[in-house]
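Student: What follows is a single structure, and I will ask about it in a moment.
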């Protein structure tokens, strides 16, 4: 409590966090240095891109960890009672609504991902929306139906590839002779100026993030819902 | 490539972990060789970096090419270069050991296990080499999440222990994040060195917010390192985890957190603030005395081998926290040296416990019955590790205790010196009990003939090469670290000499 009284006022333009050259630099220089209008995305994906890469890894790790702990391979789940309560016929209203909704949700998710560096949005948010559309499919039908579209192997590959895309942009700049994640050097292999290369690379890493988040969202859901058997459940 | 060596320290295991996740399900056989190769690469990169640091001084590596504090930087000086070598080295040895243990303990999840294992080492290395306070939190999350999962993949008891660890560990990490938030509000920066410069430039060391930030960060880190009153999560987690998990977490997790404590105390807040303005070293040294004694005495009460070793870790954490807070050059040197030495000696005894568990299937120290005749090389490995924990020259443990005791004497903290000596005696009792059981058998008094013939027929034989090699290599490393202690201390001193301890210092 005594510490809170010591904080600068709310919204004070002269508070250390606002007046220090760090925020000043972000606010004034972002557009020149990265040609990205949304400076939140620029800080996230470029200035502090290394943090964000590991945030993606945290999500990836969470997914792998859930699989490692919960997943039961093989047919050792005889004792698991069949959820007879949930064997239901597809409900017409739910089915039709979801059939209409899911493509729209996915389209919106793609918009959020693609527009991350112009307006609020980005890979994490878009990925969550995209993953939610698969979860909606699993909830409205059953897990098997959703598994048909996104089988477990494909999910894991998608998650790994997502992280790999992000890290690949870093590795690309490292191989071209600059530091890890220095996107500007990528202009050598992109039809763009160094500054535009930063902007394009940000889009690229956002897509990588979206891959991972989508996959892990659905993977965690299906492992939790089916108690690790990936067979039945909600 | 040599300019990129700092980044490669952690990028090599990181990339390989993703490949293991992608390909490991289909080709299970590649997980182990890929992991070992990547860690060999990591060791090579960290040794190269250490060499550069010794020759050229502090290395700064800008990620994304941005100048700090805009971007994140790795800032590697003598302290973290040394710790990075130890972390990657311990990781490599544990990975070699894992070959058979993982197949025996988690046979259907090999690729997941290696993915998490490599990500854990990535996280720990990232914490060691980063120069950014928030980046440290992100990598703390990576290493914490992986360690929860690596523990929970064990048998049923392990899952419960891991659940406790998740709750307590998350509280610790939140405390750390809260502290970083306070620092950001007051300084507007996240780069550790920049925060320190800002604290000086704005002259806000008196501010209560900085004090609270210091307290919550320190307590958060203490929770993560299992400093005595905050240690409850550790013994069961490490005792019931799969053996490879405890062989990597036992040596590394607590030691890296001690590195983090040293880094934050000295680099972010500065020794003047921590030792002269606050002047809490008496209280904290007393706390560490309690931690040393409590850890050692609890270890004495255990019959489960790995649980006993886990309580020894708690005592060792007490050594190092106390050594740092002695506010003395020698104490700090001793603590840093002990991070390196203790990482290897804990690895040594946990590898031994793992081999015994995989070979005999028993957790008790009675499993060691008469092992000197059946597994002589394994026991040689244990002997070196045990001598090091007790502190018998020329092993590494002797020299680290020697520096810590010198620090205790120089700063007048006799209670700390006495606690160290008592703890060493207790270690001697513990390990000579083990050696006695292993050499003479459990019940020497009754039924000699029958007893011997039983165990000789059904008992285990020598461990396989992939398990024995890391154990003996660790034992050799302990001797090397001990014999070359002057060179290591010279490196550490180049870090320690930057700080003045005011009136107390030498």
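Values in this text are rule-based calculations from the coordinates and carry no lab data. Owing to the predicted nature of the structure, the values given are computational and were not obtained by experimental measurement. In this analysis, Cβ positions are derived from the backbone assuming ideal geometry, glycine residues included, and neighbour counts consider all displayed protein chains.
Student: Translational diffusion coefficient, Stokes-Einstein: compute it for the protein assembly as shown using the Kirkwood radius over C-alpha pairs as Rh, at 10 °C and 1.306 mPa s, and state it as an integer in µm² s⁻¹. Kindly include the intermediate steps, with their values, before the conclusion.
Tutor: On the way: Rh = 27.0 Å.
In µm²/s, the coefficient is 59.
Student: Another one. Place a point 7 Å from Cα of residue B:377 in the direction of its Cβ. Which residues in the stretch B:63-107 have their backbone N less than 18 Å from it?
Tutor: Answer for this model: B:93-101.
Student: Can you sort B:480, A:27, B:219 by how many other beta carbons sit within 10 Å, fewest first? Show your work: numbers first, answer last.
Tutor: Details: B:480 14, A:27 11, B:219 17.
Fewest-to-most Cβ neighbours within 10 Å comes out as A:27, B:480, B:219.
Student: At 222 nm, what value in deg cm²/dmol follows for the protein assembly as shown if DSSP H runs of at least 4 each add -39500 (n - 2.57) and the sum is divided by all its residues, to the nearest 500? Don't skip to the answer; put the middle values down first.
Tutor: Details: 30 runs with 530 residues, N = 740.
Calculated from helices alone, the mean residue ellipticity at 222 nm is -24000 deg cm²/dmol.
Student: Further question: To the nearest 10 degrees, how steep is helix B:465-483 against the longest Cα principal axis of chain B, on a 0 to 90 scale?
Tutor: Tilt relative to chain B: about 50 degrees.
Student: Just the C-alpha atoms of chain B: what Rg/Rh do they give, with Rh taken as the Kirkwood radius?
Tutor: On the way: Rg = 22.1 Å, Rh = 22.8 Å.
Answer for chain B: 0.97.
Student: What is the percent of Cα-Cα separations in the stretch B:55-169 that go past 25 Å? Write out the running numbers ahead of the final one.
Tutor: Details: 2238 of 6555 pairs.
Value for the stretch B:55-169 (Cα pairs over 25 Å): 34 percent.
Student: How tilted is helix B:192-202 with respect to the longest principal axis of chain B? Cα atoms for both, answer in degrees (0 to 90, nearest 10).
Tutor: Its long axis makes an angle of about 30 degrees.
Student: Bins of 5 Å, beginning at zero and ending with the bin holding the largest distance: percent of Cα pairs per bin for the stretch B:279-506, please.
Tutor: For the stretch B:279-506, the pair-distance distribution reads 1, 7, 15, 17, 17, 14, 10, 7, 5, 3, 2, 1, 0, 0.
Student: Report, in degrees rounded to the nearest 10, the 0 to 90 angle that the Cα long axis of helix B:329-360 makes with the longest principal axis of chain B.
Tutor: Orientation of helix B:329-360: about 30 degrees from the principal axis.
Student: With the Cα gyration tensor of the stretch B:305-428 giving a ≥ b ≥ c as the square roots of its eigenvalues, does the rule (a/c under 1.5 for rounded; else a/b larger than b/c for prolate; else oblate) give rounded, prolate or oblate?
Tutor: Working: a/c = 2.63, a/b = 2.38, b/c = 1.11.
Cα axes put the stretch B:305-428 in the prolate bin.
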